[in-house]
1. Output the number of the condition that Tyr97 fails; it satisfies all remaining conditions of (1) farther than 15 Å from Gly61 by Cβ; (2) in the same structural domain as Thr63 (by TED's automatic domain parsing).
2. For the stretch 63-73, check the following and say yes or no: at least one residue is buried (at least 24 other Cβ atoms within 10 Å of the Cβ), in contact with a strand residue (DSSP E or B) (Cβ under 6 Å, 6 or more places away or on another chain) and either free of Cβ contacts under 8 Å to residues at least 60 places away in the same chain or under 11 Å from Ala99 (Cα atoms) (or both).
3. From Val67, Val36, grab the single residue that is hydrophobic (A, V, I, L, M, F, W, C) and under 25 Å from the mean Cα position of the chain (by Cα).
4. Under 24 Å from the mean Cα position of the chain (by Cα), of a type in the set (A, V, I, L, M, F, W, C) and assigned by TED's automatic domain parsing to the domain that holds Ser162, is that true of Leu213?
5. Whether any residue in the stretch 78-95 is surrounded by fewer than 24 Cβ atoms within 10 Å (Cβ to Cβ) and among the aromatic types (Phe, Trp, Tyr) is what I want to check.
6. Hey, Ser223 hits all of (1) within 16 Å of His135 (Cβ to Cβ); (2) hydroxyl-bearing (Ser, Thr, Tyr); (3) surrounded by fewer than 16 Cβ atoms within 10 Å (Cβ to Cβ) but one; which does it fall short on?
7. Does the stretch 195-215 contain any residue that is under 22 Å from Asn163 (Cα atoms), at pLDDT 95 or above and among the acidic types (Asp, Glu)?
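The values are calculated or read from the model by the stated rules, or taken from the named source; none is laboratory data. A quick note: this is a predicted structure, and the numbers were derived from the prediction, not measured. When we count neighbours, we look across all protein chains shown, and the Cβ atoms used for this are built from the backbone with ideal geometry, even at glycine.
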Amino acid sequence: METPTPRTPRKKMTKQLTGKRDDTPLHSAARAGNLVEIKDILTKTDGDELKALLSKQNQSGETALYVAAEYGYVDMVEEMIKFYDIVSAGIKARNGYDAFHIAAKQDDLEVVKVLMNALLELSMTVDLSNTTALHTAATQGHIEVVNLLLEADSSLARIAKSNGKTALHSAARNGHVEVVNAVLSKEPGIATRIDKKGQTALHMAAKGQRIELVEALINSDPSLVNMIDNKGNTALHIATRKGRAQV
C-alpha cells in the first residue's frame, strides 16, 4: 500500500476513533494514509457524485481534504486538491478551520505550500472570529508559514479579527519577536493599528517580558509610546501595572 509520510505527528488511534462518525470511504482512506485508495476513489467517481463526495462533511464537519491536511499527508493533499475548487476546499470543520487553516495552525509548511500553489485564494479564508491562517500562524510563532504567507500577500497582515486585533497584536502578545519583525518589514504602517480596546501591538508587548520586542515596535514608529487605549493607558502604564520594570 502506498502510504505517504505525514509531516506532522499522527494522532493516536484512540483520538482517531473518538467522535469520528459519518466518515465516507474517502475520509477513511485519508485518515488511514492510503493514497492508492484515494486515487482509486477519485478516478472512479465523477460528475455530481464526485462533487458531493469531496464536499461531504463528517460529524466533526471535516471534509476528506481537511483530514488529509490535518494528518500532514503532503502527497495525498497534492493529489486530492486537484479535484477541489475554492468553495469545496474552503469548507470549514466545526472548529472553524478549513484544510488550509489547520495546516497553518500545525506549522505544516509543506501542506500549506501545496494548497497555496493549487488555490492561492485559500490564504484569504477566515474562521468564525475572522481569523486568517496568517493570524493563527503568527499567534503560535510559526515563522516559516508566516513568511510564506506574507510573501504571497502582505495585505493579509491588515485583516483584523472580530475583536480588532491583527496578527501583529497577537504575535506581540505572545512574545514572538521574529514574527513581529517579519510583519513590520512587510507592513510597517500596521504598527499603529488599534483593536476594539484602543490598544496597539505595543500595548500587547508591554504585557510581556520581551524587551527586544518592545524596542522593535518603538523603532518602527516612535509615536506608539504616546498612544493611549480606551481607558487612557499608554503602553508604559500597562507595563508598570504588570510590574514589567525592564520595559
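1. (1)
2. Within the stretch 63-73, one or more residues are buried (at least 24 other Cβ atoms within 10 Å of the Cβ), in contact with a strand residue (DSSP E or B) (Cβ under 6 Å, 6 or more places away or on another chain) and either free of Cβ contacts under 8 Å to residues at least 60 places away in the same chain or under 11 Å from Ala99 (Cα atoms) (or both).
3. Details: Val36 fails: under 25 Å from the mean Cα position of the chain (by Cα).
Within the list Val67, Val36, the selection yields Val67.
4. Working: under 24 Å from the mean Cα position of the chain (by Cα): yes; of a type in the set (A, V, I, L, M, F, W, C): yes; assigned by TED's automatic domain parsing to the domain that holds Ser162: yes.
Taking the combined requirement at face value, the residue satisfies it.
5. Yes, there is a match, as at least one residue in the stretch 78-95 is surrounded by fewer than 24 Cβ atoms within 10 Å (Cβ to Cβ) and among the aromatic types (Phe, Trp, Tyr).
6. Status for Ser223: all satisfied but (1).
7. Scanning the stretch 195-215, I find at least one residue that is under 22 Å from Asn163 (Cα atoms), at pLDDT 95 or above and among the acidic types (Asp, Glu), so the answer is yes.
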